[in-house]
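Data block below; observations after.
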Amino acid sequence: MMKTSRQLIFIFLLTLLFVSCRGSSNITPSPSPQEIVFPGNSALIEKTKTGDCPQTNFVDQIKKGADYITRLQNADGAIPDAQDSALFNLDNSMGYALAGLYYAYLATQDSRYLDSVKKAIAWQASVQDPDGSWHLAYARCSGGYCSTVPSALYPGVADIKTVDAIQLFFVYNLWLVSLSGNDQKFVQQYLGNAKRGIDRLLADNRDAEGRFFYSSSQKRGDVWQRFGVKYAMGQGDVYVGLMAAWKLFGEDKYYNAAKAIVDHFDPVFWDGQNRRYAIGVSGDNSIVSGEYLLAQAMPTFFFHQISEHSRQGLDYLKLHRLPSGAIAPADSSSQDTIFVAAFSLAAQVLGETQLAKDANNYLVSMQVRSNSPTDGAILFNQMRETNSLLYINQTAFSIMALCGVKGIRID
């Protein structure tokens, strides 16, 4: 995941809620792709339908949020970042949205949401480079879709590819479709894309110690270079994708890489001086300074991690809660709703039921209610108009929070 000012403007979060499957190293690997037995109507699917979205109080709000996302979807499957955006999947915005749609499917049993996920996966496969890479963002062009980089956000950068979240959420979302148990042929069709994507990241982004992953590769002029920061949230993105790949392909290299992230995460990414998780670390694992509120919640959510540091990360967010229910950084410059969604997700993992309930009530208050195509979207913050910055990722993470799932699902 790239950490830029844009993410503080239209951050993505919310899409993946699963019970962690870290386990021990002696877990029996999954079968090879040729031998995969998809869940079908097994007890696992019944658990998925009834246990992964335990909240029943917000089904209407979940449905409205999912309807907003699906209304934006093009006939070819692509979903723009917002109703007024010309960009597609900028920094994995669509990838997160698909996870949100999957959980909306669990909450409502409305097959339209699962169909939308499958259409978007097919579109994403169609724009993958032959070497397995995807690019930071796409826009329409004469040939269909072309990679693009918003110059205002990335001055001097000609192109960006192998973004951690984008490379790994494809396989994660494909794994979610496999859990639905109703379309083995579809999943088999895109296994090759998933494997090329995750193997590209392993080859290009993994650090020398084999523990963590750099965020991306960037092109300046004619030269491609690996961007020298390993982001805290990005490690969570990579973790869930690696675990999904392990389940789909049965290759221990994916499980071992995921386990290395979790085993070494807290000692490296915890900023003891400021009692919070760092934005990220540089090549020598020195902490990148600065405050990033999402990093205080998302590792807990991604890893389903209950530890002293995960509780301290939640405590750090508590200090930033405003009387309105919003959460803001120290300078209160950005009261982004996505911070509240992240807070709810972490609180649910840590068993802080009342905190999660209060956060979810705030999310409901931020949902657009109108007789327009924006109905159901989650507002960017309290100060924005109802038709501005209605990004699909913030709506998707809110869906997951309202769903009440405790951590990423990798069974």
> Say we look at the stretch 218-258 and pick out the residues that are farther than 19 Å from residue 302 by Cα and β-branched (Val, Ile, Thr); which of these is surrounded by the fewest Cβ atoms within 10 Å (Cβ to Cβ)?
Replying inline: 223
> Tally time: how many residues in the stretch 335-359 are among the polar types (S, T, N, Q) and touching a residue at least 60 places away in the same chain (Cβ under 8 Å)?
Replying inline: 1
> Out of 100, 77, which single residue is at positive phi and either small (Gly, Ala, Ser) or free of Cβ contacts under 8 Å to residues at least 12 places away in the same chain (or both)?
Replying inline: 77
> Going by the structure shown, is residue 164 among the acidic types (Asp, Glu), surrounded by 23 or more Cβ atoms within 10 Å (Cβ to Cβ), in contact (Cβ under 8 Å) with a residue 60 or more places away in the chain and within 23 Å of residue 81 (Cβ to Cβ)?
Replying inline: yes
> Would a scan of the stretch 177-185 turn up a residue that is under 19 Å from the mean Cα position of the chain (by Cα), within 30 Å of residue 267 (Cβ to Cβ) and buried (at least 21 other Cβ atoms within 10 Å of the Cβ)?
Replying inline: no
> Here are some residues: 84, 115. Which one is at pLDDT below 95, under 27 Å from residue 140 (Cβ atoms) and out of contact with any Leu (no Cβ under 7 Å at 6 or more places or on another chain)?
Replying inline: 84
> Which is over 18 Å from residue 275 (Cβ atoms) and crowded, with 19+ Cβ neighbours inside 10 Å, of 350, 322, 355?
Replying inline: 355
>> For the stretch 325-347, which positions are among the acidic types (Asp, Glu) and either touching a strand residue (DSSP E or B) at 6+ places or on another chain (Cβ under 8 Å) or surrounded by 24 or more Cβ atoms within 10 Å (Cβ to Cβ) (or both)?
In response: 336
> How many of the residues making up the stretch 98-115 are touching a Ser or Thr at 6+ places or on another chain (Cβ under 7 Å) and closer than 10 Å to residue 399 by Cα?
Replying inline: 3
>> Being out of contact with any Leu (no Cβ under 9 Å at 6 or more places or on another chain), more than 24 Å from residue 161 (Cα to Cα) and either of a type in the set (D, E, K, R) or modelled with pLDDT under 95 (or both) is true for just one of 204, 252. Which residue is that?
In response: 252
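Every residue, every condition in (1) closer than 30 Å to residue 230 by Cα; (2) in a loop (DSSP other than H, G, I, E, B); (3) within 19 Å of the chain's Cα centre (by Cα), yes or no:
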{"residue": "96", "(1), (2), (3)": "yes, no, yes"}
{"residue": "104", "(1), (2), (3)": "no, no, yes"}
{"residue": "116", "(1), (2), (3)": "no, no, yes"}
{"residue": "131", "(1), (2), (3)": "yes, yes, no"}
{"residue": "154", "(1), (2), (3)": "yes, yes, no"}
{"residue": "160", "(1), (2), (3)": "yes, no, yes"}
{"residue": "167", "(1), (2), (3)": "yes, no, yes"}
>> So, residue 301, is that one in contact (Cβ under 8 Å) with a residue 60 or more places away in the chain and either among the aromatic types (Phe, Trp, Tyr) or surrounded by fewer than 16 Cβ atoms within 10 Å (Cβ to Cβ) (or both) or not?
In response: yes
>> Could you tell me how many of the residues in the stretch 282-297 are over 17 Å from residue 165 (Cα atoms) and outside any loop (DSSP other than H, G, I, E, B)?
In response: 5
> If you take the residues in the stretch 272-310 that are β-branched (Val, Ile, Thr) and touching a Lys or Arg at 6+ places or on another chain (Cβ under 8 Å), which one is nearest to residue 406 (Cα to Cα)?
Replying inline: 279
>> If I filter the stretch 36-53 for residues that are modelled with pLDDT of 55 or more and among the acidic types (Asp, Glu), do I get at least one hit?
In response: yes
>> Quick check on my filter: what residues within the stretch 122-138 are in contact (Cβ under 8 Å) with a residue 40 or more places away in the chain, more than 15 Å from residue 171 (Cα to Cα), crowded, with 19+ Cβ neighbours inside 10 Å and not aliphatic (A, V, I, L, M)?
In response: 138
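The values are calculated or read from the model by the stated rules, or taken from the named source; none is laboratory data. Note that the structure is a prediction, hence the values are computed from the model and not measured. Using ideal geometry, Cβ is built from the backbone for each residue, glycine included, and neighbour counts are taken over all protein chains shown.
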